[in-house]
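Reading through the structure tokens given below for one structure.
The values are calculated or read from the model by the stated rules, or taken from the named source; none is laboratory data. This is a predicted model, so every value here is computed, not measured. For neighbour counting, all protein chains shown are included, and Cβ atoms are generated from backbone atoms with ideal geometry for every residue, glycine included. Note: accessible area is taken over every heavy atom of the protein model, side chains too, but ligands, DNA and RNA are not part of it. Shrake-Rupley method; radii C 1.70, N 1.55, O 1.52, S 1.80 Å.
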Amino acid sequence: IVTNIRHYEAFVRALDSIHRVQGGLQMNLSGDFVSQDLRECIHHLSDIVGDVSTDSVLQNIFRYFCIGK
């Protein structure tokens, strides 16, 4: 349950970004295109939880989940 409207809107925008990432991966888009949507998602989530190092998060995502893509 999200009671803060600002947090709710950030979650919705982050979810939209994740859906674009999923679509990009299904269409075999290059990592550059997919990473832009991941950065956008991280940006929206950082509005809720505070500052996050985008580069370290992206490195971990690609290292563990996007091998060979």
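Here are a few things to note about the model shown:
- Search result, residues across the range 10-35 that are modelled with pLDDT of 90 or more, in a helix (DSSP H, G or I) and open to solvent by 70 Å² or more (accessible area, probe 1.4 Å): PHE11, ARG13, LEU15, ASP16, HIS19, ARG20, GLN22, GLN26
- Any pair with Cβ under 8 angstrom, 6 or more apart, that starts in the range 6-21 at a residue that is touching a residue at least 24 places away in the same chain (Cβ under 8 Å) and among the charged types (D, E, K, R) and ends at one that is part of a helix (DSSP H, G or I) and open to solvent by 60 Å² or more (accessible area, probe 1.4 Å): ARG6/ASP47; ARG13/GLU40
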